[in-house]
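Undergrad: What follows is a structure written as structure tokens; I'll ask about it next.
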Amino acid sequence: MTKVALVTGGTRGIGRAITERLVRDGFKVAANYAGNDEAAAKCAEELGVKAYKWDVGDYDACADGIARINAELGPIDVLVNNAGVTRDATLHKMTRQQWDDVIRIDLTSAFNLCRLTIEGMRERNYGRIINISSINGQKGQVGQVNYSAAKAGLIGFTKALAQENAKKGITVNVICPGYIDTEMVQAVPAKVLESIIATIPVGRLGSASEIAGCVSFLAGGDAGFITGATLTANGGQYIAG
């Protein structure tokens with residue numbers, strides 16, 4: 001039976017690459033998105049997936065969205081928590097709204113989606129949960145106290161959830177991408193981007209397809225003995241012990 005995957009933030013950037021790879025791997029993919037209807041329609045048409053619009057930071061909206069996916073595609077076997085936003089500012093200039101937005105979308109969303117899918121996975125004795133963190137959740141980043149806190153929180157969340165569900169055939173892992181060649185990164189001024197690349201030992205930005213390849217492996221049958229792991233994909237820019 002074809003397995004169902006939900007990718008949040010799944011119609012643009014890294015999320016779209018993940019959606020595309022999972023489709024290629026044979027999954028029925030539900031691609032969640034928040035606001036860009038044009039990009040979502042393009043993704044759905046080009047990849048042959050269903051796009052579902054809701055705010056992942058809203059628990060009730062997540063419940064409604066998952067109910068629709070269950071009815072239209074079937075129960076979710078693979079959950080990729082990829083959705084995220086940035087609201088950059090140094091702490092002494094950061095507003096409460098900037099803090100709340102990032103924590104809600106980047107961290108609380110993982111609770112919402114996992115809480116609403118974990119019981120079904122436990123009943124079926126199978127599941128793959130893959131959380132997308134960041135290099136800045138491992139090392140921190142100036143101007144990103146909110147983002148670094150949320151992404152570091154995903155790592156701890158992953159480790160605890162993995163232990164709770166290991167005996168139920170559910171793996172929970174986290175990927176920490178470095179700087180990836182997406183529209184957001186390309187919008188960085190050229191001189192700044194050059195200085196960033198200079199700190200990456202492999203000498204280039206990563207590609208969204210490389211992160212999607214990591215997801216593909218963790219979502220597949222060969223990764224059944226890997227849980228609670230943090231997979232770094234940053235070109236050697238930060239090597240965690």
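The values are calculated or read from the model by the stated rules, or taken from the named source; none is laboratory data. Being a predicted model, the structure only gives us computed values, none of them experimental. In this analysis, Cβ positions are derived from the backbone assuming ideal geometry, glycine residues included, and neighbour counts consider all displayed protein chains.
Undergrad: Go through segment 183-232 and give me each residue that's in contact with a helix residue (DSSP H, G or I) (Cβ under 9 Å, 6 or more places away or on another chain), in a helix (DSSP H, G or I) and modelled with pLDDT under 95.
TA: Across segment 183-232, the qualifying residues are E183, M184, V185, Q186, L193, I196.
Undergrad: Does segment 64-85 hold any residues that are part of a helix (DSSP H, G or I) and surrounded by 15 or more Cβ atoms within 10 Å (Cβ to Cβ), and which are they?
TA: We begin by selecting, within segment 64-85, every residue part of a helix (DSSP H, G or I); these are 64-72.
If the condition is that a residue be part of a helix (DSSP H, G or I) and surrounded by 15 or more Cβ atoms within 10 Å (Cβ to Cβ), then G65, I66, I69, N70 are the ones that fit.
Undergrad: Continuing with this model, one more query. Looking for something under 20 Å from I18 (Cα atoms), of a type outside the set (S, T, Y) and assigned to a helix (DSSP H, G or I) - is there at least one such residue anywhere in segment 86-93?
TA: no
Undergrad: With the structure loaded, tell me whether G9 is within 12 Å of the chain's Cα centre (by Cα), surrounded by fewer than 23 Cβ atoms within 10 Å (Cβ to Cβ) and touching a residue at least 60 places away in the same chain (Cβ under 8 Å) or whether it fails that test.
TA: Values: within 12 Å of the chain's Cα centre (by Cα): yes; surrounded by fewer than 23 Cβ atoms within 10 Å (Cβ to Cβ): no; touching a residue at least 60 places away in the same chain (Cβ under 8 Å): yes.
Taking the combined requirement at face value, the residue does not satisfy it.
Undergrad: Given (1) touching a residue at least 40 places away in the same chain (Cβ under 8 Å); (2) in a helix (DSSP H, G or I), identify the lone condition not met by D100.
TA: With (1) touching a residue at least 40 places away in the same chain (Cβ under 8 Å); (2) in a helix (DSSP H, G or I) applied to D100, the lone miss is (1).
Undergrad: Next up: Would it be correct to say that I239 is in a loop (DSSP other than H, G, I, E, B), at pLDDT 95 or above and over 18 Å from V7 (Cα atoms)? Please lay out each step first, then the result.
TA: Numbers: in a loop (DSSP other than H, G, I, E, B): yes; at pLDDT 95 or above: no; over 18 Å from V7 (Cα atoms): yes.
Against the criterion (in a loop (DSSP other than H, G, I, E, B), at pLDDT 95 or above and over 18 Å from V7 (Cα atoms)), I239 does not qualify.
Undergrad: Among the residues of segment 133-183, how many are free of Cβ contacts under 8 Å to residues at least 40 places away in the same chain, within 18 Å of T199 (Cβ to Cβ) and surrounded by fewer than 19 Cβ atoms within 10 Å (Cβ to Cβ)? I'd like the intermediate steps shown before the answer.
TA: Narrowing segment 133-183 to residues free of Cβ contacts under 8 Å to residues at least 40 places away in the same chain: 136-137, 140-141, 148, 152, 156, 160, 164, 167, 181.
If we keep only those that are within 18 Å of T199 (Cβ to Cβ) as well, we get 136-137, 140-141, 148, 181.
Checking which are surrounded by fewer than 19 Cβ atoms within 10 Å (Cβ to Cβ) leaves us with 140-141, 181.
Looking only at that region, the number is 3.
Undergrad: Those residues that are of a type in the set (S, T, N, Q), under 16 Å from I69 (Cβ atoms) and in a loop (DSSP other than H, G, I, E, B), I need them from segment 6-49; list them, please. Talk me through it step by step, then tell me what you get.
TA: Within segment 6-49, the first condition is being of a type in the set (S, T, N, Q), and the residues that meet it are 8, 11, 19, 32, 36.
Checking which are under 16 Å from I69 (Cβ atoms) leaves us with 8, 11, 19, 32.
The answer is T8, T11.
Undergrad: Also, I was wondering about something else. Given the residues V202, V172, V192, which is the only one that is closer than 30 Å to G224 by Cβ, β-branched (V, I, T) and over 22 Å from the mean Cα position of the chain (by Cα)?
TA: Numbers: V172 fails: over 22 Å from the mean Cα position of the chain (by Cα); V192 fails: closer than 30 Å to G224 by Cβ.
When all the criteria are applied, what remains is V202.
Undergrad: Using beta carbons and a limit of 7 Å, which pairs, at least six apart or on different chains, have the first residue in segment 106-117 and farther than 19 Å from Q144 by Cα and the second one modelled with pLDDT under 95 and in a helix (DSSP H, G or I)?
TA: Close Cβ pairs (under 7 Å, with a partner that is modelled with pLDDT under 95 and in a helix (DSSP H, G or I)) do not exist here.
Undergrad: Something else: Go through segment 153-168 and report how many residues are more than 18 Å from L6 (Cβ to Cβ) and either polar (S, T, N, Q) or out of contact with any Leu (no Cβ under 9 Å at 6 or more places or on another chain) (or both).
TA: Selection size over segment 153-168: 10.
Undergrad: Now for a separate question. Which residues, taken from segment 210-232, are under 14 Å from the mean Cα position of the chain (by Cα), among the small types (G, A, S) and buried (at least 16 other Cβ atoms within 10 Å of the Cβ)? Don't jump to the end; show me each part of the working.
TA: Start the filter on segment 210-232 by keeping residues that are under 14 Å from the mean Cα position of the chain (by Cα), which leaves 210-216, 218-219, 230-232.
Okay, now just the ones that are also among the small types (G, A, S), so 212-213, 216, 219.
Residues satisfying the conditions are A212, S216, A219.
Undergrad: Which residues, taken from segment 23-58, are among the basic types (K, R) and buried (at least 17 other Cβ atoms within 10 Å of the Cβ)? Quick ask: steps written out before the conclusion?
TA: Our first condition is that a residue be among the basic types (K, R); within segment 23-58, this holds for 24, 28, 42, 50, 53.
Matches in segment 23-58: K28 only.
Undergrad: Here are I105, I130: which of them is on the phi < 0 side of the Ramachandran plot, assigned to a strand (DSSP E or B) and modelled with pLDDT of 95 or more? Can you show your working first?
TA: Details: I105 fails: assigned to a strand (DSSP E or B).
Within the list I105, I130, the selection yields I130.
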